[in-house]
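The values are calculated or read from the model by the stated rules, or taken from the named source; none is laboratory data. All values reported here derive from a predicted model rather than from experimental measurement. Glycine gets a Cβ as well: all are built from the backbone with ideal geometry, and neighbour counts include every protein chain shown.
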Amino acid sequence: MKRVVITGMGIWSCLGKSLDEVRDSLYTGKSGIILDPERKQMGFRSGLTAKLDLPDLKKELSRSQRAYMPQQAQFAYCATVEALRNAKLDADYLDKHDVGLLYGNDSSADPTVRAVDTMRLKHDTTLCGSGAIFQSMNSTVTMNLGTIFRLRGINLTISGACASGAHAIGLGALLIQTGLQDVIVCGGAQEVNPFSVGSFDGISAFSIREDQPEKASRPFDRDRDGLVPGGGAATVIIEEYEHAVRRGAPILAEVLGYGFSANGDHISSPNVEGPSKSLRMAIERAGIDIREIGYINAHATSTHVGDTNEAKAIYNVFADQRTEVTSTKSQTGHEMWMAGASEVIYSTLMMKNDFIAANLNFENPDEDSAKLLIPSKRIDKHFDTFLSNSFGFGGTNATLIVRNM
């Protein structure tokens, strides 16, 4: 099977608008969580969210192009510009080669709500605007990126709930391993607006620790009371190894293993068996000893049952192997459809710079997290291989293993 490497990364996150900004935020333990008064005015139980700026694309894209782009497509565009630049893939290369596109996205609520409101208020569908349909479709990110960058390989949106970004990278790796593509733009994007997460708030999924927003996201901590919504976009360029070498691409890391599974169980409550299977499959496909894994980026979102069952799954597979485990969601909140891709970038940045970011707000372990090695402060450590988990509603699980190069 052909080898798959990462040759470029780009990100638009509450931790920064570039790889350098994000690396520094991870290193210093910066939190991107704020209290949003607009959400409280709308009747939200929790007004907590990640703080994220919308990019100004007037100087980069035409008015008609911008009309087709909802928030998450704008975030994804910025992340992809950075990733392509870092991978040394210019417009001339993209025009002459079949570059693929697999991107995770599982909602486009804001434009859908606005279009429906217009129809109900004005009783005239033409007032929704010509861009409404393209903004509201679930495939809006791949539509926009594919046409803007003129990508002619596979073009597909991956909708796998909060594992979408990870599945995009994993499925892309399989296409490259089997020789069907040489280069694929992979990633995940998540809109950041009240409409996109109102139903989550309605089922009391969010933390209500509003007096200290930066302390609200508490993965694995005994006193966690729910997740904090976040978002943005993360793009990872993956490429066949020999192809990358021939064109002199900067090779950052290698995607060694992709594991996946479905719980076949409750629609919202995860179990232990499904995640355990995903971890084992990734390790088996990577063909490595678990002692080679120097860091685990957990999915842990700061919910009671989710964190508990993931801790059990990790312990099932790693037992007493003392590998550091953290969840970068302690800094970012839950980036949902973006998370599987952004956490590969966060982990790669840590791996390339010899540190493990702190699991913020981990003050009191519970029975299950006490069995894991979870650092509450940053650790300066060299490691060459990491494992990243992403799990989603409906019981979809994805695990990626990446090695330094």
Need at least 1 residues that are at pLDDT below 95, of a type in the set (Phe, Trp, Tyr) and more than 22 Å from ALA205 (Cα to Cα) per element, so show me which helices (runs of 4 or more DSSP H) inside the stretch 300-364 make the cut, counting only ones lying wholly within it. none
Only one of GLU242, GLU191, GLU210 is surrounded by fewer than 21 Cβ atoms within 10 Å (Cβ to Cβ), out of contact with any strand residue (DSSP E or B) (no Cβ under 7 Å at 6 or more places or on another chain) and in contact (Cβ under 8 Å) with a residue 12 or more places away in the chain. Can you tell me which? GLU242
Exactly one of LEU121, LEU145 is of a type outside the set (Asp, Glu) and over 20 Å from the mean Cα position of the chain (by Cα), and that one is LEU121
Looking only at the stretch 270-287, count how many residues are assigned to a loop (DSSP other than H, G, I, E, B) and in contact (Cβ under 8 Å) with a residue 40 or more places away in the chain. 3
Residue list for the stretch 387-405, restricted to those being more than 13 Å from the chain's Cα centre (by Cα) and in a strand (DSSP E or B): LEU387, THR396, ASN397, ILE401, VAL402, ARG403, ASN404
Residues of the stretch 157-171 that turn out to be under 15 Å from ALA234 (Cα atoms) and either polar (S, T, N, Q) or modelled with pLDDT under 95 (or both), as a count: 2
Out of the helices (runs of 4 or more DSSP H) lying entirely within the stretch 120-212, which hold 2 or more residues that are in contact with a helix residue (DSSP H, G or I) (Cβ under 6 Å, 6 or more places away or on another chain) and over 21 Å from SER13 (Cβ atoms)? 132-136
What number of residues within the stretch 259-281 satisfy the criterion of being over 21 Å from THR301 (Cα atoms) and buried (at least 20 other Cβ atoms within 10 Å of the Cβ)? 0
State all residues of the stretch 298-312 that are over 11 Å from SER369 (Cα atoms) and either outside the structural domain of THR326 (by TED's automatic domain parsing) or touching a helix residue (DSSP H, G or I) at 6+ places or on another chain (Cβ under 7 Å) (or both); if no residue qualifies, say none. ALA298, HIS299, THR301, SER302
Looking at ASN359, ASN389, which is the one that is in contact (Cβ under 8 Å) with a residue 40 or more places away in the chain, buried (at least 21 other Cβ atoms within 10 Å of the Cβ) and touching a His at 6+ places or on another chain (Cβ under 6 Å)? ASN389
Filter result (over 20 Å from the mean Cα position of the chain (by Cα) and aliphatic (A, V, I, L, M)) within the stretch 268-310: VAL272, MET281, ILE283, ALA286, ILE288, ILE290, ILE293, VAL305
SER261 - would you say it is in a strand (DSSP E or B) and more than 28 Å from PHE75 (Cα to Cα)? yes
Show the residue pairs that are 6+ apart or on different chains and have beta-carbon atoms under 7 Å apart, the first residue being within the stretch 121-135 and loosely packed, with under 13 Cβ neighbours inside 10 Å, the second being among the β-branched types (Val, Ile, Thr). LEU127/THR118
Helices (runs of 4 or more DSSP H) lying entirely in the stretch 38-106 (those with 1 or more residues that are in the same structural domain as GLY153 (by TED's automatic domain parsing), surrounded by 24 or more Cβ atoms within 10 Å (Cβ to Cβ) and in contact with a Phe, Trp or Tyr (Cβ under 8 Å, 6 or more places away or on another chain)): 71-86
Which of the residues spanning the stretch 245-255 are in a strand (DSSP E or B) and surrounded by fewer than 22 Cβ atoms within 10 Å (Cβ to Cβ)? GLU254
Before we move on, is GLY16 without any contact (Cβ under 8 Å) to a residue 24 or more places away in the chain, surrounded by fewer than 24 Cβ atoms within 10 Å (Cβ to Cβ) and either under 30 Å from THR396 (Cα atoms) or in the same structural domain as LEU400 (by TED's automatic domain parsing) (or both)? yes
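Residue-by-condition table, conditions (1) within 20 Å of ARG224 (Cα to Cα); (2) β-branched (Val, Ile, Thr); (3) out of contact with any strand residue (DSSP E or B) (no Cβ under 9 Å at 6 or more places or on another chain):
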| position | (1), (2), (3) |
| --- | --- |
| THR323 | no, yes, no |
| GLN331 | yes, no, no |
| MET336 | yes, no, no |
| SER342 | no, no, no |
